[in-house]
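Here's the structure, in structure tokens; my notes come after.
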Amino acid sequence: HINKKLQRLRPYMLPDAKIQLSSATTDAGGGGGTKENCMLELEKKNPDLMYSLTYVVCCLLHAHNLPLQQSWEKHFGPFGIDKNTMSQCAYNVTYLFELLGESFKPLWMEIIHEDWNDLKLLKVILTRWLYAIQSVSKIFEKYEKIKKFCKAIYEAKKSTYLAHKVAKETYQLLVNPQVKVMMSFVKAFGEFYWTPFYNWARRKGSKTKK
């Protein structure tokens with residue numbers, strides 16, 4: 001690619017002219033004008049762009065977020081209060097655990113009769129696909145236990161009014177078998193596609209080790 005670019009430029013360059021090659025990376029997927037803004041800044045700093053080639057490399061993981069978000073919301077439904085969707089169910093579970101705060105683990109032990117030894121569930125945010133997949137996968141693995149936990153919380157009223165309300169809404173979503181099927185798909189998608197892709201994208205070079 002670079003050689004072809006140089007061949008196209010040679011007829012317009014002075015005989016002894018040299019071209020400077022450089023590159024830059026961004027913590028963005030390239031949308032929202034990222035590349036255009038980079039180009040404008042480069043023009044300001046180096047008006048003689050014929051003798052300077054700069055490659056702007058965008059973040060591969062960020063670039064995947066928007067198309068994956070659109071696919072998620074199309075097939076699993078949108079987020080929002082009173083939305084009867086898998087998306088809202090997953091969000092509710094993480095929100096309920098957050099509302100219970102320090103009382104969550106003791107309540108889990110009292111109701112489920114085992115320790116919660118897993119890490120805190122991260123909020124299902126589609127701009128951070130790893131969070132969404134990890135949390136939904138963990139909810140699926142403990143699906144029946146979480147359903148039992150939510151039912152016990154709202155029936156016994158062992159929490160604040162808001163937590164009781166969220167627990168009831170979450171249980172009503174969890175009893176929908178379609179929600180469990182969708183979560184099983186997300187877990188499989190994470191195991192067989194996203195996690196291997198994520199590890200590949202973050203691999204270290206054999207020479208640079210970076």
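The values are calculated or read from the model by the stated rules, or taken from the named source; none is laboratory data. All values derive from a computational prediction rather than experimental measurement. Backbone-built Cβ (ideal geometry, glycine too); neighbour counts: all protein chains shown. These area figures cover heavy atoms from the full protein model, side chains too; ligands, DNA and RNA do not enter into them. Shrake-Rupley method; radii C 1.70, N 1.55, O 1.52, S 1.80 Å.
Table for the structure above
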| item | result |
| --- | --- |
| Whole-Hz couplings from phi, Karplus 6.51/-1.76/1.60, listed for segment 81-94; x for Gly and Pro | 4, 6, 8, 8, 10, 5, 4, 5, 4, 4, 4, 4, 4, 5 |
| Restraint check, LYS105/LYS138; LYS18/LYS204; LYS145/LYS168; LYS138/LYS204; LYS147/LYS168, Cα-Cα greater than 21 Å | LYS18/LYS204; LYS138/LYS204 |
| Karplus 3J(HN,Hα) series, Hz, for segment 100-110 with 6.51 cos²θ - 1.76 cosθ + 1.60 (x for Gly, Pro) | 6, x, 5, 7, 4, 4, x, 5, 4, 5, 5 |
| For the chain: relative contact order, % (alpha-carbon pairs under 8 angstrom, 6 or more apart) | 17 |
| Under Karplus coefficients 6.51, -1.76 and 1.60, residue-wise ³J(HN,Hα) of segment 190-206 in Hz, glycine/proline x | x, 6, 9, 10, 5, 5, x, 5, 4, 5, 5, 5, 9, 5, 9, x, 5 |
| Rounded accessible area of THR160 (nearest 10 Å², 1.4 Å probe) | 80 |
| Label point distance in nm, GLN7-GLU144, each placed 7 Å from Cα along Cα→Cβ | 6.6 |
| Most to least packed among 57-64, 129-136 [average Cβ atoms within 10 Å] | 129-136, 57-64 |
| Protection proxy ranking, peptides 13-19, 163-169, average beta carbon neighbours within 10 Å, highest first | 163-169, 13-19 |
| Within the chain, helix-based [θ] at 222 nm, where runs of 4 or more DSSP H residues each add -39,500 (n - 2.57), nearest 500 | -18000 deg cm²/dmol |
| Among 113-123, 141-151, the order from most to least packed when residues are scored by Cβ within 10 Å on average | 141-151, 113-123 |
